[in-house]
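Below is one structure, written out as structure tokens, with a few remarks after it.
The values are calculated or read from the model by the stated rules, or taken from the named source; none is laboratory data. In this text the structure is predicted, and so the values were computed from the model without any measurement. A quick note on method: Cβ atoms are made from the backbone with ideal geometry, for glycine too, and the neighbour counts reach across all protein chains shown.
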Amino acid sequence: MAKEIPSVGDLRRKAEITDDEIAAATAAFLKDEGAPPFVFRSGHRIDVARAIEMHPEA
């Protein structure tokens, strides 16, 4: 069975990532949409461009 991928919101609620890290990931994407995935101090990573692309409302 595949492991469920936590959302940024889930990670924030569990204090595994910080608001400052979320802001840094956002800023990196806005500066360069082709930026590599952002790696949080916890080791989690997010590919913002892919997350946006895969969102059902995108």
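A few notes on this one:
- Residues (surrounded by 11 or more Cβ atoms within 10 Å (Cβ to Cβ), out of contact with any helix residue (DSSP H, G or I) (no Cβ under 7 Å at 6 or more places or on another chain) and farther than 18 Å from Met54 by Cβ) located in the stretch 26-41: Ala27, Ala28, Val39
- Single residue of the stretch 2-25 satisfying the filter (outside any helix (DSSP H, G or I) and touching a Ser or Thr at 6+ places or on another chain (Cβ under 9 Å)) that is surrounded by the fewest Cβ atoms within 10 Å (Cβ to Cβ): Glu16
- A count restricted to the stretch 26-45 and to residues that are in a loop (DSSP other than H, G, I, E, B) and under 17 Å from Arg12 (Cβ atoms) stands at 5.
- Subset of the stretch 46-55 that is under 8 Å from the mean Cα position of the chain (by Cα) and assigned to a helix (DSSP H, G or I) - its residue that is surrounded by the fewest Cβ atoms within 10 Å (Cβ to Cβ): Ala51
- Residues (more than 16 Å from Glu53 (Cα to Cα) and among the polar types (S, T, N, Q)) located in the stretch 1-25: Thr18
- Contacts under 8 angstrom Cβ, first residue in the stretch 11-25 being within 12 Å of His44 (Cα to Cα), partner acidic (Asp, Glu) and assigned to a helix (DSSP H, G or I), 6 or more apart: Arg12/Asp19
- Exactly one residue out of Asp47, Asp32, Asp19 is within 18 Å of Glu4 (Cα to Cα) and modelled with pLDDT of 95 or more: that is Asp47.
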